[in-house]
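**Q** One structure coming up, written as structure tokens, with questions to follow.
The values are calculated or read from the model by the stated rules, or taken from the named source; none is laboratory data. Just so we're clear, the structure is a prediction, and the values are computed from it rather than from any experiment. So basically every Cβ, Gly included, is an ideal-geometry build from the backbone, and we count neighbours across all protein chains shown. Ligands, DNA and RNA are excluded from the accessible area calculation, which covers all protein heavy atoms including side chains. Shrake-Rupley method; radii C 1.70, N 1.55, O 1.52, S 1.80 Å.
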Amino acid sequence: MIAKVYSAIPDGYDGKVVDVEADSSKSLPAFNIVGMASKTVSEARERVRLAITNSGFVFPAKKVTVNLAPAELTKDGSHLDLPIALAVLALSGQVNKSHLENKAFVGELSLDGSTRPVRGIINITEAAYKAGFSQIYLPIENYAQASLLNHKIEVIGVKSLTELILHLCGAQKIIPPKLAAAQVSHSNVVKNTRIYKKQIADPDIDLNVVENTLIDNGILLDHIQGQELAKRALVIALAGHHHMLLSGPPGSGKTMLAKAGLNLLPYLNHKEQLEVTKIHNLISPTGVIAKRRPFRSPHHTASHTALIGGGPAAIPGEISLAHNGVLFLDELPEFSRPTIEALRQPLEDKTININRINHHAVYPANFLLVATMNPCPCGYLNCPDRACTCSAKQIENYRHKISGPIIDRIDLTIKVRRASQIKIFSPQKEYTREHRIAKSLIKRALLTQRKRYCNPLLYNGSLSGAQIKQYIKLSSPAEKLLDQATDTLKLSFRSHLKVIRVAQTIADLDNTNQVEPTHISEALSLRQKI
């Protein structure tokens, strides 16, 4: 008689339900797995056999065949170890088949029968919920991440095959663990808050509304002396989710500016937590729940696939791992031109389509691009204190790596000058004042956008043309100034819209309801020719 157990596997950004069917026949003992199983799944035969025997159960001395349906779906990974073991035990009568009805099971098994975490657990849990299952049993290390779905389906974390069997037969119920241990500790937040306990009075900013800042890399805006225009551009970029390119000589603080931006961003909300955790869990089967916004900084030698995503299994790349966070591309022209050009569609659509022979996946890629570059290969073109050693041809080839369409998709392009030595070593009056005020402004601007659009995932920088007409109000002088600038500067339609988006963010930072000429002027000044 056939035994059937239900499971699921990740499939791109979604999941697919898999039926694990087991049958036996009187023949020489054998254990076969069929149904488009990869080598990892085929190796489950030995893991499952030893996990069953080491857990105190008996592996049937028959020819056992396990079918993974649908057969046309490629199965990869160790997700099906646990359901395969249950199917074998149900087949041999050691588990009551009725105890497996309307339930899904997933997990890797160790040789001693204990469970190990698997990747893509949120995809799997969502697939089980959509398929109508009432419960899903999974490794205890994956319990916290699966619970982010807010109990749409009952999630039960198991430590071992023995514990699961005892629970199913009613001998010993599994008690749900406390999620507190799985959450990111905020002790460092409290510690840093004590250090910065001093309140800074400002008539326009209420610093009490600024959430506590967890300093990961220790870089604040106050650490960067000078560069007032670049810091202002960084605040605007973060407040409205605008892509930014910084150009300047070595040592001008471009990288520090980008890393300071990480500590200015607010924490992820629940929906963003779910999305970020879901994507990152497709790469690594850790049980960590994302709290901070991702900051991805791939090296310029990263391959096209590493940045965009792909490979035989169509896995997500850096642009998807930076979803809801920052993608920092240091020394942008050093990346290969095809890799840079591949950013065109994700920058516009906020998603990436990956097509392979056996896989098709659509991953979110709503990231904030912060890129840096030198003005020339040696880095000292037009530098007042050092001569450039590059030829005109070298400079042309260097800049040619960044095409016009890519520049057109970047909202803010800023030239960064080297700060003087006197400015660098000048004493500071308020060590965290500038950073805290900037964080407060960004938070207020983001709250304004959330109220305006009634969508926590929609920013000024993401508005379509139709949404700009619906939501953004330009005063008559501002509209006239923009039309004149469009004709004089020969702005493309895309650049025209980007100026409006940036101007709206500046207006939000100023806490005004209408875009004025000063906002348009500042937005235009932040599109410098690189």
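**Q** In square angstrom, what is the accessible area per residue of the chain with a 1.4 angstrom probe?
**A** Per-residue value: 45 Å².
**Q** Which length gain, in nm to one decimal place, applies between D510 and K271 when the Cα-Cα distance is subtracted from 0.36 nm times their residue separation?
**A** Once the chain is fully extended between D510 and K271, it gains 83.2 nm.
**Q** Any chance you could count the Lys pairs in region 402-523 whose alpha carbons are under 22 Å apart, treating pairs 8 or more apart or on different chains as valid?
**A** 18
**Q** Same structure, new question: Rounded to the nearest 0.05, what FRET efficiency do I407 and S303 have when you use their Cβ-Cβ distance and R0 = 22 Å?
**A** 0.40
**Q** Okay, moving on. State the three equivalent ellipsoid semi-axes of region 4-94, derived from the C-alpha gyration tensor as the square roots of 5 times its eigenvalues, in descending order and whole Å.
**A** Its equivalent ellipsoid spans semi-axes of 22, 13, 12 Å.
**Q** In addition: Based on alpha-carbon positions alone, could you give the equivalent ellipsoid semi-axes of region 122-174 from the gyration tensor, as √(5λ), descending, whole Å?
**A** 20, 12, 8
**Q** Modelled label-to-label distance, T53 and Q172, 7 Å Cα→beta-carbon offset: nm?
**A** Each label point lies 7 Å from its Cα, and together they span 2.3 nm.
**Q** Let me ask something else. Remind me, relative contact order of the chain in percent, using alpha carbon pairs under 8 angstrom and six or more residues apart?
**A** The normalised contact order for the chain reaches 13 percent.
**Q** Per 0.36 nm of contour for each residue apart, how much would the distance between E154 and S521 grow if the chain were fully extended, relative to their Cα-Cα spacing?
**A** 126.6 nm
**Q** Counting just the Cα atoms, what span does region 338-486 cover along each of its three principal axes? Round to the nearest Å and put the largest first.
**A** Largest to smallest, the principal-axis extents are 53, 50, 38 Å.
**Q** How many percent of DSSP beta bridges within region 1-142 run antiparallel, rounded to 5?
**A** So the antiparallel bridges amount to about 65 percent of the total.
**Q** In nm, what is the difference between 0.36 nm times the number of residues separating R450 and E43 and their Cα-Cα distance?
**A** 141.6 nm
**Q** Now for a separate question. Using only Cα positions of region 20-152, each an equal point scatterer, no hydration layer, compute I(q)/I(0) via Debye at q = 0.12, 0.15, 0.19 Å⁻¹ and quote the log10 values to two decimals.
**A** Summing over Cα pairs of region 20-152 leads to -0.45, -0.72, -1.15.
**Q** What distance in nm lies between label points placed 7 Å from Cα along the C-beta direction at D487 and D349?
**A** Distance between the two pseudo-spin positions: 3.7 nm.
**Q** Using only the alpha carbons of region 253-301, what is the convex hull's orientation-averaged projected area in square nanometres?
**A** 4.4
**Q** I'd like the orientation of helix 81-91 relative to the chain: the angle between its Cα long axis and the longest Cα principal axis, in ° from 0 to 90, rounded to 10.
**A** Around 20 degrees separate the two axes.
**Q** What order, most packed first, do the peptides 14-23, 469-478 have when packing is the mean number of other Cβ atoms within 10 Å of each residue?
**A** 14-23, 469-478
**Q** What order do you get for 355-365, 3-13 when each peptide is scored by the mean count of other beta carbon atoms within 10 Å, highest first?
**A** 3-13, 355-365
**Q** Also: If you count, for each residue, the other Cβ atoms within 10 Å and average over each peptide, how do 132-140, 231-239 line up from highest to lowest?
**A** 231-239, 132-140
**Q** What percent do you get for the relative contact order of region 456-530 when only Cα pairs under 8 Å and 6+ apart count?
**A** 39
**Q** Antiparallel DSSP bridges in region 226-379: what percent, to the nearest 5?
**A** Looking only at bridges with both residues in region 226-379, the antiparallel portion is about 40 percent.
**Q** 222 nm [θ] for the chain, helices only, -39500 (n - 2.57) per DSSP H run of 4+, per residue, to 500?
**A** -10500 deg cm²/dmol, from helical runs alone.
**Q** Further, regarding this structure: Only bridges with both residues in the chain count here: give the DSSP antiparallel percent, nearest 5.
**A** Antiparallel: roughly 45 percent of the beta bridges in the chain.
**Q** Hey, any idea what % of the chain's accessible area is carbon plus sulfur with a 1.4 Å probe?
**A** Its accessible area is 53 percent carbon and sulfur atoms.
**Q** Now a separate question. Averaged across orientations, what area in nm² does the convex hull of the alpha carbons in region 307-406 project?
**A** So the mean shadow area of the Cα hull is 7.5 nm².
**Q** For G309, list long-range residues whose amide hydrogen, built 1.01 Å from N in the peptide plane, is under 5 Å from its own amide hydrogen.
**A** Residues meeting the criterion, in which the H sits 1.01 Å from N, are G317, E318.
**Q** For the chain, take the longest principal axis of its alpha carbons; what is the angle in degrees between that and the long axis of helix 228-240, to the nearest 10 within 0 to 90?
**A** Helix 228-240 and the main axis of the chain meet at about 40 degrees.
**Q** Can you list the lysines whose alpha carbon sits under 21 Å from that of K39, skipping same-chain ones fewer than 8 residues off?
**A** K16, K63, K75
**Q** Please quote Rg/Rh for region 259-351 to two decimal places, taking the Kirkwood radius as Rh and restricting both calculations to Cα atoms.
**A** 0.96
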